[in-house]
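Right, one structure below, let's go through it.
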Amino acid sequence: MVNNSFFIDLVLNNRLGQPVSLSVCHLQFQGRDYFLVAAPSQQASSFVGKNAEPFAFQLRERFGVDARRFELVEVRELPDTTQLFRWRFEWVGNSPLSARCEEIVSPVLRAALLNMLEPAPAAIA
């Protein structure tokens, strides 16, 4: 899924100020701005978690999105499924703090996000 045309490669700075590459997809859905991010496959599963605040800050700044509409969703591709994790923040001005993560288990939201990324073949034709 991450190799589809909706994702672009961006270079962001991690929490140590080092440049890192992420695949990013920006979607608007139900009045929210969803930023789906996927770490390179050689990175640990905690890579986004350790850097959630700096990534959120940089993405919000780069795309000029209101913090009240901002949603960061981590995409983890496993051999048999795709997991989606929503990162939530306490926003103080333009700074995201206190990142916490939860898996998206809502069938409606999960299906909507996955369908926007992987439209059904009949819808494309």
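The values are calculated or read from the model by the stated rules, or taken from the named source; none is laboratory data. Predicted model, so just to flag it, every value in this text is computed and none were measured. All Cβ positions, even for glycine, are placed from backbone atoms using ideal geometry, and neighbour counts span all protein chains on display.
Being closer than 19 Å to residue 12 by Cβ, without any contact (Cβ under 8 Å) to a residue 40 or more places away in the chain, surrounded by 13 or more Cβ atoms within 10 Å (Cβ to Cβ) and not aromatic (Phe, Trp, Tyr) is the filter here; which residues of segment 63-87 pass it? Spell out how you get there, then give the answer.
If we filter segment 63-87 for residues that are closer than 19 Å to residue 12 by Cβ, which is where we start, we get 63-65, 67, 70-76, 85-87.
Cutting the leftovers down to without any contact (Cβ under 8 Å) to a residue 40 or more places away in the chain gives us 63-65, 67, 70-72, 74, 76, 85-87.
Subsequent filtering for residues that are surrounded by 13 or more Cβ atoms within 10 Å (Cβ to Cβ) retains 65, 67, 70-72, 74, 76, 85-87.
Passing the criteria: 65, 67, 71, 72, 74, 76, 86.
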Problem set entry | Residues of segment 33-57 classified as modelled with pLDDT of 90 or more and either surrounded by fewer than 17 Cβ atoms within 10 Å (Cβ to Cβ) or not in a helix (DSSP H, G or I) (or both), total | 6
Exercise. Is there any pair with a first residue in segment 91-103 that is in contact (Cβ under 8 Å) with a residue 40 or more places away in the chain and a second that is assigned to a strand (DSSP E or B) whose Cβ atoms are under 6 Å apart and which are 6 or more apart or on different chains, and what are they?
Worked result: 96/89; 97/90; 99/87; 99/89; 101/85; 101/87
